[in-house]
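Take a look at this one; I'll ask things after.
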Amino acid sequence: FPVTIPQVCEDECKRELCRDLIGGTDVMIAAGKKWLPQHPGESAANYKNRLNSNILTNFLAQTIDKQVGKIFCKPITLQNNVPSDIATLTENVDLQGRSLDSFVMDVAKMAFCDGISYILADYPRTEGVQTLADEKAMGARPYAIHIKAEQLLEVLSEQINGVS
């Protein structure tokens, strides 16, 4: 089914509270009446004082950190039969210096907050390269990109000859 802009907006609206809570006290205060309504008959000055005196104990962030910590309490280990080229990729999985452990932990935290998160496996362009040796010499290799829910409009997949 094709995705619609209203559907994307609705999904993003559902994620706003969680994201604002994760942002902590300053983000919640900045949101103002969105999450802390003004009482009927409450003056603007009194509302502003009440709003600015709020402190958010961020139990949501603590809970997410604790749950992700439980999932990743032990480092990811590779079996002995994993090729060395693949094992090397896990040391800098995103070409930003992050190991597989820290990369996947960040993805998991966003997935807990947004309800979903994605990882895209990519490969740099290698125009003009003739051989695998040339690719290796230029340092071309696969890498992972974290795609957050707000960065994606739609996921499409197809099966070709029984393979997804």
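Average projected area of the Cα convex hull of the chain, in nm²?
Numbers: hull surface 63.2 nm².
One quarter of the hull surface, i.e. the mean projection, equals 15.8 nm².
Using a simple charge model, +1 on the beta-carbon of Lys and Arg, -1 on the beta-carbon of Asp and Glu, nothing else, what dipole does the chain show about its Cα centre, in debye to the nearest 20?
Numbers: 16 positive and 21 negative charges, 150 e Å.
It works out to roughly 720 debye.
Let me ask another. Using a Gaussian network model of the chain whose springs link C-alpha atoms within less than 10 Å, name the residue from Leu78, Leu132, Leu100 with the highest mean-square fluctuation.
Leu132
Which entries of Lys34/Lys74; Lys33/Lys66; Lys33/Lys74; Lys66/Lys136 show an alpha-carbon separation above 32 angstrom in the structure shown?
Lys34/Lys74; Lys33/Lys74; Lys66/Lys136
Determine the relative contact order of segment 6-164: mean sequence separation of Cα pairs under 8 Å and six or more apart, normalised by residue count, in whole percent. Don't jump to the answer; show the numbers that get you there.
Values: 120 pairs, mean separation 30.3, N = 159.
Here the relative contact order equals 19 percent.
Round to the nearest 0.05 the FRET efficiency obtained for Ala31 and Gln96 when R0 = 25 Å and r is the Cβ-Cβ distance. Mind showing how you got there, number by number?
Numbers: r = 30 Å, r/R0 = 1.22.
Efficiency at R0 = 25 Å is approximately 0.25.
Find which of Ala87, Ser164, Asn58 sits farthest along the positive direction of the dipole of segment 15-164, computed with +1 on the beta-carbon of Lys and Arg, -1 on that of Asp and Glu, about the Cα centre.
Of the candidates, Asn58 comes out farthest on the positive side.
Divide the volume of the convex hull of the Cα atoms of segment 73-164 by its number of residues and quote the answer in cubic angstrom per residue.
Details: hull volume 16.2 nm³, N = 92.
About 176 Å³ per residue, rounded to a whole number.
Under a 10 Å cutoff between Cα atoms, tell me which one of Ala137, Ala121, Ala111 has the largest fluctuation in the Gaussian network model of the chain.
Between Ala137, Ala121, Ala111, it is Ala137 that shows the largest mean-square fluctuation.
Could you compute the net charge surrounding Arg98? Neighbours are other residues with a C-beta less than 14 Å from the C-beta of Arg98; K and R count +1, D and E count -1.
Numbers: positive: Lys109; negative: Glu91, Asp94, Asp101, Asp106.
Net charge around Arg98: -3.
Which residue fluctuates most in the GNM of the chain (Cα springs below 10 Å): Leu36, Leu95, Leu60?
So, out of Leu36, Leu95, Leu60, the one fluctuating most is Leu36.
Once you put a point 7 Å from the Cα of Ile71 and another 7 Å from the Cα of Val155, both along the Cβ direction, what distance in nm separates them?
Label-label distance for Ile71 and Val155, simple model: 1.3 nm.
Whole-Hz ³J(HN,Hα) for each residue in segment 110-117, computed from phi via Karplus 6.51 cos²θ - 1.76 cosθ + 1.60 with θ = phi - 60°, x for glycine and proline: what do you get?
Calculated HN-Hα couplings, in order: 5, 5, 5, 6, 8, x, 6, 7 Hz.
Rule-based calculations on the coordinates, nothing more; no lab input. Treat the numbers as computed from the prediction; the structure is a model and nothing was measured. No Cβ is skipped: glycine too gets one built from the backbone with ideal geometry, and neighbour counts run over all protein chains shown.
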